[in-house]
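Taking it in order: structure first as structure tokens, then the write-up.
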Amino acid sequence: MKIKATIKEVAKLAQVSTATVSNVINNTKYVSDEIKKQVYDAMSELNYVPNTLAKSLRVRESRLIGVMISDISNPFFSLVVRGIEDGLAQAGYNALLCNTDSNINKEREYLKVLQGKRIDGIFVSSSGNSEEYFKEMWQIDIPLVFLNRCPEPLISDSVSTNNFEGALLATEHLIKHNYRKIGIITGPQNISTGRDRFNGFKQAIKLHDHTLYDHFIKHGDFTIESGYDLMKELLSDSCRPEAVLISNNQMTLGAYNYIQERGICIPEDLAIIGFDDPEWAAIANPPLTAVRQPAYEQGFEAAQLMIKKLNNTVDGKPQEIYFSPSLMIRKSCGCR
């Protein structure tokens with residue numbers, strides 16, 4: 001049986017101390033790129049694998065960070081998770097993904113599981129909004145970073161898009177196209193993203209002295225099915241909107257499906273702006289105008305923030321980091 005290489009053998013082959021090898025593996029102190037290469041080359045030649053389990057038992061670290069998100073099938077969250085993984089990898093951490101399906105009970109179960117895994121920190125894109133639930137999360141004594149869905153009041157650090165600004169930007173664009181009957185398919189109002197986007201929409205209508213039509217407001221749940229059903233409701237009435245803002249990419253996809261089934265022409269019969277800018281937006285028929293969130297960048301920044309928390313290099317006051325959205329203008333809003 002082949003005997004597993006030791007850290008001393010790696011240090012000897014790399015011509016450095018065992019402390020230097022440890023610093024390279026754990027990213028605990030600065031080591032030059034040249035020395036790092038010597039260490040990595042030696043590890044590769046000896047097929048050396050650090051014993052992370054043994055390390056976690058010694059220093060009470062697992063080098064694992066939990067990631068609780070509502071829906072991994074949503075392209076936005078897929079990019080966020082990719083950013084998190086890349087950011088954590090630079091510091092020697094791994095991500096453990098939990099898909100909650102926007103279910104509070106599943107979130108609570110995952111919290112118990114993650115605690116049992118000796119997790120070092122948790123990213124949360126939560127489905128909850130009750131003060132009691134967030135107090136429960138706060139009391140687990142594990143560093144938390146909220147992703148794009150933030151509780152009020154904020155109890156821990158958060159990284160998100162300025163959702164209010166994104167909806168304001170999109171609605172004002174429709175107004176500048178001289179649309180007056182503007183509707184919206186919103187997200188859940190108990191979640192900050194749904195609430196902030198709806199408030200941004202209403203603010204744009206108010207600023208430009210337009211009428212807010214109650215029957216043009218439909219409250220969805222960020223799923224394809226709700227986008228389909230609510231667009232059907234909007235277009236079943238004899239009094240229809242001229243343009244609609246749809247509050248996330250999944251609902252936009254459902255709405256597009258219904259519109260195409262009905263043979264309605266975009267933007268001639270109905271102008272559309274979506275939120276999020278998935279890959280399919282540019283190749284849809286017609287291409288979709290959408291509010292783009294820097295999803296990957298959010299995930300990467302969240303990872304950097306988590307690492308700072310783990311290293312105790314941030315103060316106790318919760319930080320709110322906002323990314324600015326941008327409007328990707330295509331044909332669905334009436335632009336050429």
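Restricted to the range 153-179, and to residues that are assigned to a loop (DSSP other than H, G, I, E, B) and either within 23 Å of the chain's Cα centre (by Cα) or not assigned by TED's automatic domain parsing to the domain that holds Leu234 (or both), which residue is surrounded by the fewest Cβ atoms within 10 Å (Cβ to Cβ)? Lay out the reasoning, then the answer.
Applying the first criterion (assigned to a loop (DSSP other than H, G, I, E, B)) to the range 153-179 yields 153-156, 162, 177-179.
Then drop every residue that is not either within 23 Å of the chain's Cα centre (by Cα) or not assigned by TED's automatic domain parsing to the domain that holds Leu234 (or both), which leaves 153-156, 162.
Working: Pro153: 8, Leu154: 15, Ile155: 16, Ser156: 18, Asn162: 16.
Restricting to residues being assigned to a loop (DSSP other than H, G, I, E, B) and either within 23 Å of the chain's Cα centre (by Cα) or not assigned by TED's automatic domain parsing to the domain that holds Leu234 (or both), the top hit is Pro153.
Is there any pair with a first residue in the range 180-198 that is more than 24 Å from Ser158 (Cβ to Cβ) and in the same structural domain as His208 (by TED's automatic domain parsing) and a second that is acidic (Asp, Glu) and assigned to a loop (DSSP other than H, G, I, E, B) whose Cβ atoms are under 8 Å apart and which are 6 or more apart or on different chains, and what are they?
Arg180/Glu242; Lys181/Glu242; Ile182/Glu242
Working only within the range 242-252, note down all residues that are surrounded by 22 or more Cβ atoms within 10 Å (Cβ to Cβ) and under 17 Å from Cys333 (Cα atoms).
Ala243, Val244, Leu245, Ile246, Ser247, Asn248, Asn249, Met251, Thr252
So the check is Cβ under 6 Å with 6+ separation or different chains; which pairs have a first residue in the range 315-331 that's under 30 Å from Ile155 (Cα atoms) and a second one that's of a type in the set (Gly, Ala, Ser) and surrounded by 16 or more Cβ atoms within 10 Å (Cβ to Cβ)?
Pro318/Ser156; Glu320/Ser158; Pro325/Gly166
Looking at Ile272, Ile266, Ile259 in this structure, which one is assigned to a loop (DSSP other than H, G, I, E, B) and outside the structural domain of Asp157 (by TED's automatic domain parsing)? Spell out the reasoning first.
On the way: Ile272 fails: assigned to a loop (DSSP other than H, G, I, E, B); Ile259 fails: assigned to a loop (DSSP other than H, G, I, E, B).
Answer to the selection: Ile266.
Among the residues of the range 210-233, write down those that are in contact (Cβ under 8 Å) with a residue 24 or more places away in the chain, surrounded by fewer than 22 Cβ atoms within 10 Å (Cβ to Cβ) and of a type in the set (A, V, I, L, M, F, W, C).
Phe216, Ile217, Ile224
Looking only at the range 304-325, filter to residues that are among the polar types (S, T, N, Q) and either surrounded by 16 or more Cβ atoms within 10 Å (Cβ to Cβ) or closer than 27 Å to Arg63 by Cα (or both); which one of those is modelled with the highest pLDDT?
Pass one, the range 304-325, residues among the polar types (S, T, N, Q): 304, 311-313, 319, 324.
Subsequent filtering for residues that are either surrounded by 16 or more Cβ atoms within 10 Å (Cβ to Cβ) or closer than 27 Å to Arg63 by Cα (or both) retains 304, 311-313, 319.
Values: Gln304: 94, Asn311: 85, Asn312: 80, Thr313: 77, Gln319: 86.
Per the criteria, the residue is Gln304.
Applying the selection to the range 305-336, what residues are touching a Pro at 6+ places or on another chain (Cβ under 7 Å), part of a loop (DSSP other than H, G, I, E, B) and more than 17 Å from Asp277 (Cα to Cα)?
Gly334
Taking the criterion of being under 30 Å from Met251 (Cα atoms), of a type in the set (Ser, Thr, Tyr) and at pLDDT 90 or above, would at least one residue in the range 10-22 satisfy it? First the steps, then the outcome.
First, the residues of the range 10-22 that are under 30 Å from Met251 (Cα atoms): none.
Within the range 10-22, none of the residues are under 30 Å from Met251 (Cα atoms), of a type in the set (Ser, Thr, Tyr) and at pLDDT 90 or above.
Which ones in the range 84-109 are buried (at least 21 other Cβ atoms within 10 Å of the Cβ), assigned to a helix (DSSP H, G or I) and either assigned by TED's automatic domain parsing to the domain that holds Pro188 or modelled with pLDDT of 85 or more (or both)? Lay out the reasoning, then the answer.
Step one: filter the range 84-109 for residues buried (at least 21 other Cβ atoms within 10 Å of the Cβ), giving 84, 87-88, 93, 100, 107.
Next, from what is left, pick out any that are assigned to a helix (DSSP H, G or I): 84, 87-88, 107.
Within the range 84-109, Ile84, Gly87, Leu88 qualify.
The values are calculated or read from the model by the stated rules, or taken from the named source; none is laboratory data. Quick caveat: nothing in here was measured; it's all calculated off a predicted structure. We place every Cβ from the backbone using ideal geometry, glycine too, and count neighbours over all the protein chains shown.
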